[in-house]
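Undergrad: This is the structure I have questions about; it appears just below.
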Amino acid sequence: MAFYSNPPCDVGVLESGEFAKACTPATGKWVLAATILGSSLAFIDGTAVSVALPVMQKDLGASVTQMQWVVEAYALLLAALLLVGGAMGDRIGRKRVFGFGIALFALASVWGGLAPSAGQLIIARALQGVGGAMMVPASLAIISASFSDDDRGRAIGTWSGFTAITAAVGPVLGGWLVTNLSWRWVFFINVPIAIVVLVILTMKVEESRNEAAQGPIDWLGAALSTLGLTGLVYGLVESGNLGFSHPGVIASLAVGVVGLVAFVWLESRLAEPMMSLKVFKSKSFSGANALTFLLYGALGGSLFFLPFNLIQVQGYSATAAGAAWLPFIIIIAVLSRWAGALIQKFGAKLPLVVGPAISAAGFALFMVPGIGGSYWTTFFPAILVLGLGMAISVAPLVTVVMGSVEQENAGLASGVNNAISRTASLLALAVFGVALLAIFNTSLDNRLDAINVPPSVELALEEQRENLAGAELPSGIDPTLARSLERAIDEAFVESFRWVMLIGALLALTASIVAMFSIENPR
């Protein structure tokens, strides 16, 4: 068993068999500082990178597919290794795993900031995902092990509030860094934060682990889930350029399906699997995770393309594009307590029917803007309604996930739901990317036919199609023709963007229907 010798904390034993410490206010503040700052690396980086993507694409001469991989590489490793990261913390120490994750994340950030090509940036993002898989589950586990039952809820609430603030700061900070310095500073800014966290962690935070977790870590399950997700994502993303009939795409998709089937088979037979399937015996838990997959898939898949629309089509600066998303995060942060009160009054089921339905309306409103117009009459209404729908959904969703399993499985339930939400975004982005590129190409062909583009110019544009709205025109063409081509490219992107938002709306509406028939109010 772990032994704690630090005087500021009184040691107690939880029902699970692990130690918890009732910390003095001074020590508790250091624990919160380390976990909040550490978690903020993932929150800030995720939202800031999304704003910087159009600028990265232009600076590195990359395609939109490569920019998809900048996001997918991080999300892929994070989703696949999240549960393994939690298991590692339980067995070898949460502080140790958290610290190693912070250090890896920082080193990968330096690589990303210095990356001379899109390929190296993608590799750096994958390493960030590995670091994030250690950081994310360990942060809350450290808080749970460091505070008594009476103080734990307040500590987690403090962590939630501050991480919401960091998530809100991310797009604005990222936009400002891109506009005034360079997109590379979106990665460099992680380094000083990581150093501060490691210093606090070393000097002020005690180690903790779950002594009841004695079995081996499910490395084979982790490998199969990573292989399965990589195969599916690679096949879907590359099908946009190669086509679904390409042997490489077919092979990749086949490997993905086989890998995931093998993963489920393995998890059903292991004594201590990475993802125990027993929690899915609960109808509400299964329904809540299906809802999570649909709603977060819609969110992550469709909104990847919003910064490209704002910056490349609408002419927003990176700072303005980051600020445009701020109302969404503020609404969720401000209304979270109110949404929690809805559960006590109506139960969790009604908000989970209404919230995704409102979110669907928000996605649908993104189909209204064309090219130009005031932010307040184009994108703001959509962001406002989507934020309201998500605010109504988040707290009840967490309540159902945690309330529909036995208490000893609460950590597993939280980890599974977190992994599913990230997997949903991962797969949805790949599918949405294929759909958007196909619609963009068809729409652009129709517009090029209408303006009688010379064959030489049309041939030059063929190589630029995968850049979507970032396509560059060949030099030396007639200015009038250039303006017509720019308009055609922008209009083709807006049309494809609208279809993607329609898919997002349909997914969110389906999530509402799933809640109606599968969610039961937890006792």
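Undergrad: For the chain, what class follows from the C-alpha gyration tensor (a ≥ b ≥ c being the square roots of its eigenvalues): rounded when a/c is under 1.5, otherwise prolate if a/b is larger than b/c, else oblate?
TA: It comes out prolate by the Cα gyration axes.
Undergrad: Under the 0.36 nm per residue contour assumption, what length would be gained going from the current alpha-carbon distance of Tyr375 and Lys281 to full extension? Each step should come with its number before you reach the end.
TA: Values: separation 94, 0.36 × 94 = 33.84 nm, distance 4.61 nm.
Difference between extended and current length: 29.2 nm.
Undergrad: Using only the Cα atoms of segment 192-342, build the gyration tensor, take square roots of its eigenvalues as a ≥ b ≥ c, and label the shape rounded, prolate or oblate: rounded if a/c is under 1.5, else prolate if a/b is larger than b/c, else oblate. It would help to have the intermediate numbers written out before the result.
TA: Numbers: a/c = 1.60, a/b = 1.09, b/c = 1.47.
Since a/c reaches 1.5 but b/c is at least a/b, the shape of segment 192-342 is classed as oblate.
Undergrad: Is the shape of segment 349-444 best called rounded, prolate or oblate, per the rule: a/c under 1.5 gives rounded, else a/b larger than b/c gives prolate, else oblate, with a ≥ b ≥ c the square roots of the Cα gyration tensor eigenvalues?
TA: Oblate, because a/c is 1.5 or more while a/b does not exceed b/c.
Undergrad: If you line up the Cα atoms of segment 262-324 on their principal axes, what length do they span on each, largest first, in Å?
TA: Sorted largest first, the three principal extents are 55, 23, 17 Å.
Undergrad: Next question. Working out 0.36 nm times the residue gap between Val191 and Lys204, then minus their Cα-Cα distance, what length gain in nm do you get to one decimal?
TA: Full extension of this stretch gives 2.7 nm more.
Undergrad: In the calculated pair distance distribution of segment 333-401, what percentage of Cα-Cα distances lie above 14 Å? Before the final figure, lay out the partial values.
TA: Values: 1362 of 2346 pairs.
Roughly 58 percent, once rounded to a whole number.
Undergrad: Between segment 449-519 and segment 346-388, what's the alpha-carbon centroid distance in Å?
TA: Cα centroid to Cα centroid, the span is 22 Å.
Undergrad: If I take R0 = 45 Å and measure r between the Cβ atoms of His246 and Ile330 in this structure, what FRET efficiency does the formula 1/(1 + (r/R0)^6) give, to the nearest 0.05?
TA: Efficiency, from the Cβ-Cβ distance: 0.55.
Undergrad: Let me ask another. Using a 7 Å offset from the Cα along the Cα-to-Cβ direction at both Glu486 and Glu463, what is the distance between the two label points in nm, to one decimal?
TA: So the label points at Glu486 and Glu463 sit 2.2 nm apart.
Undergrad: So, one more: As a test question: what accessible area, to the nearest 10 Å², does Arg465 have when a 1.4 Å probe is rolled over all protein chains in place?
TA: For Arg465, solvent-accessible area is about 20 Å².
Undergrad: Across segment 82-93, in residue order, what do the Karplus-derived ³J(HN,Hα) couplings come to in whole Hz, using 6.51 cos²θ - 1.76 cosθ + 1.60 with θ = phi - 60° and x for Gly and Pro?
TA: Karplus-based 3J(HN,Hα) across segment 82-93 equals 4, 5, 5, x, x, 5, 4, x, 4, 8, 9, x Hz.
Undergrad: Only sites in a loop by DSSP and with at most 11 other Cβ atoms within 10 Å count here; which trypsin sites (Lys or Arg not before Pro) in segment 232-303 make the cut?
TA: Arg269
Undergrad: Let me ask you something else. For the full complex of protein chains and a 1.4 angstrom probe, list Met516, Met501, Met275 by accessible area with the highest value first.
TA: Working: Met516 90, Met501 0, Met275 30 Å².
Descending order: Met516, Met275, Met501.
Undergrad: For the chain, what does the relative contact order come out to in percent, with C-alpha contacts under 8 Å and a separation of six or more?
TA: Contact order relative to length: 20 percent.
Undergrad: Please compute the per residue accessible area over the chain with all protein chains in place, 1.4 Å probe, rounded to a whole number of Å². Before the final figure, lay out the partial values.
TA: Values: 21740 Å² over 523 residues.
That works out to 42 Å² per residue.
Undergrad: Quick one: if the Förster radius is 45 Å, what FRET efficiency do Trp265 and Phe517 give, using the C-beta to C-beta distance and rounding to 0.05?
TA: 0.95
Undergrad: Quote the FRET efficiency, to the nearest 0.05, computed for Phe346 versus Glu272 with a Förster distance R0 of 41 Å and r equal to the Cβ-Cβ distance.
TA: Details: r = 38 Å, r/R0 = 0.94.
It comes to 0.60.
The values are calculated or read from the model by the stated rules, or taken from the named source; none is laboratory data. Since the structure is predicted, the reported quantities are computational estimates derived from the model, not experimental observations. With ideal geometry, Cβ positions are generated from the backbone for all residues, glycine too; neighbour counts draw on all protein chains shown. Accessible surface is based on the protein model in full, side chains and every heavy atom, while ligands, DNA and RNA are left aside. Shrake-Rupley method; radii C 1.70, N 1.55, O 1.52, S 1.80 Å.
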